[in-house]
1. Among the residues in the stretch 28-46, are any surrounded by 13 or more Cβ atoms within 10 Å (Cβ to Cβ), closer than 19 Å to Tyr148 by Cα and in contact with a Lys or Arg (Cβ under 7 Å, 6 or more places away or on another chain)?
2. Return the residues of the stretch 690-715 that are surrounded by fewer than 17 Cβ atoms within 10 Å (Cβ to Cβ), within 20 Å of Leu936 (Cβ to Cβ) and free of Cβ contacts under 8 Å to residues at least 60 places away in the same chain; say none if nothing qualifies.
3. Of the residues Leu733, Leu725, which is within 22 Å of Ser864 (Cα to Cα), surrounded by 14 or more Cβ atoms within 10 Å (Cβ to Cβ) and touching a Pro at 6+ places or on another chain (Cβ under 8 Å)?
4. Can we say Glu626 is assigned to a helix (DSSP H, G or I), free of Cβ contacts under 8 Å to residues at least 40 places away in the same chain, closer than 21 Å to Arg671 by Cβ and not aliphatic (A, V, I, L, M)?
5. Answer with yes or no whether Thr153 is modelled with pLDDT of 90 or more and not in a helix (DSSP H, G or I).
6. Taking the stretch 278-295 only, how many residues are assigned to a helix (DSSP H, G or I) and under 15 Å from Gln124 (Cα atoms)?
7. Going by the structure shown, is Asn569 polar (S, T, N, Q), out of contact with any Asp or Glu (no Cβ under 7 Å at 6 or more places or on another chain) and not in a loop (DSSP other than H, G, I, E, B)?
8. Could you grab the pairs with beta carbons closer than 9 Å, sequence gap of 6+ or different chains, first residue in the stretch 921-935 and basic (Lys, Arg), second one at pLDDT 75 or above?
Amino acid sequence: MQLGPLTICGEVTILHGGFLLASQLCHPRPLSELAKSDWPLVGKPIMEALEEICTSHSSYPPQPDAWKKKAAVILWSKVLFSEAPAVSLNQRWKDDAFFSVSNMIPEINRTVLFELFMAANAPQLFTELLLVLPEPLCRRELEALVEYVAKETSQRDVRFYLDVWWEIMKHKAGQEDRLTLLFRSVSHQCLPEPDDVGQPPKRFKSDGPPSAHSSPETSVLPILADGLKLIWRSVSPAKMKCYALANLLDVLSISIAACDADSLPIQTYLVKVSSVVTLWSNDCDNCYGKTELDEKVKEAERSVSLLSVAQASKALLLVDLGFLRTLLEEWSPELQGFLNDPEHVCYESYRLLDCLALLEKRLARYAESGDLEEETAKAMVGLSTLVADFLKSISLKPCSKECKMDIVASVAMVIINKRMDRHAEVCSVFAAEKDWALTEGWAACLEKNKELFREPGTILKLVQTLADGSKDAKSQGQAARVAKVILECYTALPLTDQNKVISGVLATWGRKGLSGASPAFSEGFQEELNVAFNQIIQSVSGEGFQRVVAAVSRLVALNPEATIKKIYNLVVSNLGTHLFLAEILCCFPALRFQEGQDSMDLSVTLLLACLRETVFDRLVCAKEKEQFLEFLGYLLQPNGANPLFSPAEVTQSLVLPFLKSDSPCVELCLRILDQALKVPSEPDWIHACHPFPLVLSLCKFLDGFAQYWHEPEARHTCSFETKDLVAANLARLCDALSAQKDSLSPALWDQSVSWLHRKAGALDWTIGLRLESVYGEHFKKEVPSTLFEVCKLPEEEWTSRSDGQYGAGSGLLAWMECCCVSTALREKMLVLLTVNIDNPEEVNLFSKGFLVALVQVFPWCSQSEWRHLIHVIKSLLEREVLYVPYSLEYVPFLPLLDFRPFAFHLQLSVLLLRAFQFLCGSSGAGWMPSVAWKHLSRLYCLSISDLLGSAKEVARGTWRTEDPRNGVRRELSFTYIQIFCHVLHVAAMLPEEATAEALLVLSLEVLSQYEVLYEADESLGSSLRKANERHFLESIAENVTNKEVRTMLLQKLRKL
């Protein structure tokens, strides 16, 4: 309500006139001495004046209660100031905002004030103004009312007193308007001086002291209870006795339960409000009987939501319980007759029975708590028994259990529409109540208030209600309408809440999502799915990411399975979109939903199940596999999000079932395992993946590569390059397993390691060396006995094993195979090798044996193993243990140059040439298939490419541009020429021309490196040298059998 004018105006003049007439009727006594019995005569002109100004049309729209409240504020402030410490008029004018108006009114006493409130039937207004007063004034004014009502008590007094009491119980602070707040501000000016705390000796004073932390409402309730003790004999008829008892019972009930009082369950609360509304609608005498439903519900909510009060002291509680017992015993006969008469069913009787039932429960529970003195506990038990007996004598029960559901539905809709108390909880009931659902009114209320239903639990209830209602033909018409509202509510949620909804949908309706709940959600889904992802693919970027996620979120809720499978198909079929799609998918951790168990009795998530069903066994080309692996890697290790896959479940679902030698996707499985093992997480997940059998499977794969070139190519399910991947996986798995050794019992660990040792013993002997971290101190490293001939192996770590394939003189072969296993073992082998470099004959024999062993190992090396051997060769050359002379038969003269910086490069190139001469000789050329020669070509190209890069680094480190004559440009040119010749020589020796293509391309790379130096050489005398070099290179190139490559080489040389 707007404050409005509180200055002298027409309304004030009318009110002033009413009081002047009342003063004349009261003459010779002033109105300040008006007696209660004089009000019927004196109060008439005042009430007529008030009625006139309240019905005036000076404001628009009309506010009938506006001037009633203004008049009450003016008169009450006048009474308060009349008893306040004396101040000057000048000060009063400043302090009292109502001074100019109230000064026109004659002096009045509280008789006028109280009678005015009673005549206007305004207990709620009285309560509102009373409770904004400072606590001392509030208590004083209420005690004055009690004293006033207790004298010459009439039924009108009792009714007003009980109404005020009830309004105080229902009052909610914080809803005051501007005028009320102004009245509170002014009332603080009326507080008595600190030493003026006494009261007139004959004035009524409550026994209940105010609590130090109590609110105004709770501090005045003892005054009201004490006031009832003064007037209870004047309370009649039976309806008023029900009213009085109910008020007292409510105070006692909430006082007893103050420590652990909880709000009513929302269903009970809703039924109670509906019961009150029903009673008022059927009771013509009730003041709310003829009001609109909205007003009834609003007031019924107030009557159900009572305030909480501080727990009463035990002494006061005992007194109040005794008083209640007295009232019940005195009034029982009359009340029993009244309550058992169906004609007298009313709100007061309903309240009394409800309060008695509640008090009985709380008394029994409180008496058994053990926190009370014996006397108080005994009084409680006795009163509880009395109440129980009284309730048994009543045949009519409260009507809340018989409340019609259509009334409850109407009340719920009003609470929601008007945003009344606990409307959020009512929304939850409204969403789940199937008896109301899918009617026109229900759907309309849902549409109108859809923003109130934006809560995950409420949305899930709506979906369940729609799913159940969709089976009813009568509800079909509203299904699409309700489904639209549900989706709008869902899309308005933040992403975290949307995930909660997705989780709930999956738990209830499975992978079909909302589409599985009701057909209303599936209409147009496929078209929406296609359109949404077409737009996403066309605009793959960081821009509008939230918009994209919102679109996908809607699709995920509608049909998780179809949406996930669509994403998976796009991951492998659209270039460059896979990581963007992975980032989108990581926004929905709810999709980690556990669907159940697969054929291996393993728990499988929806995401993994869809992955296996959709694309896992359909990846064909290398690009599809690469995108799939990158996508999977992101889901295992997303940026700034929780992973959707764990290493354990990926291994269980995508690796273990397919890790067989005859499986077509074994190579993909190994790459997936590689990604899982690289995830930085706690390694204890290994235990869930049968680690020892998994280790043995990898060992068997490695063992299979020992016979790889002897098997028909049709039997190969993976390329030879996969050997490195298997070895890397085995190493990581063994490290992770050994790190978890302490998490297993020693007996189980020993048993498992022994089992693995027994199984691995039947495989190639190098496999056992790779299991060193698992074997630990359990087993020594078992190697062929011939290895002891070339190494000083400590017997506490090494032991020999019988192996017929390693006869006399094979020690160097075994040593070289050890060097291929790992970096650590390679370095150990270099240290343990025994060669007397001071004995030329021994060095020569070692060098020849090394070349023979290298030729035997070379075809079976993977890329990483070959790099290990190249490192061994370099180390041996630097230590001069290995002797490799490089001949210069390709040049007609020996340049006077320093080749020491490039000695390793020239020696390695020559050594590889010698190895190919062995391999391509008449005794060895026919045993390897073409795929093996291609593998050798790749290893050779890898070595030469690394060699070129190393030579360039050496040259860069020793280059001195200030004096080109002292540089290494000519030495580097000569090294390139030598390597070029060796590459073409090897290419010419290879048995199949197709396998030499990679080497011919490599020769072009060498020539390009030489060309850079050729064009940069501007030294004196360089022209003749360059011409000779070009002529020599042309003569070499002309011998290339591949016409296309020969033409390219010659063209490149002629451009020099």
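The values are calculated or read from the model by the stated rules, or taken from the named source; none is laboratory data. Remember, predicted model here, so these are calculated numbers, not experimental data. For neighbour counting, all protein chains shown are included, and Cβ atoms are generated from backbone atoms with ideal geometry for every residue, glycine included.
1. yes
2. Residues satisfying the conditions are Gln707, His710, Glu711, Pro712.
3. Leu733
4. When the stated conditions are applied, Glu626 passes them.
5. Here the answer is yes, as Thr153 does meet what is asked.
6. To start, the set of residues in the stretch 278-295 that are assigned to a helix (DSSP H, G or I) comprises 278-282, 293-295.
Checking the rest, the ones that are also under 15 Å from Gln124 (Cα atoms) come to 295.
Counting residues in the stretch 278-295 that are assigned to a helix (DSSP H, G or I) and under 15 Å from Gln124 (Cα atoms) gives 1.
7. In short, yes.
8. Lys934/Ala998
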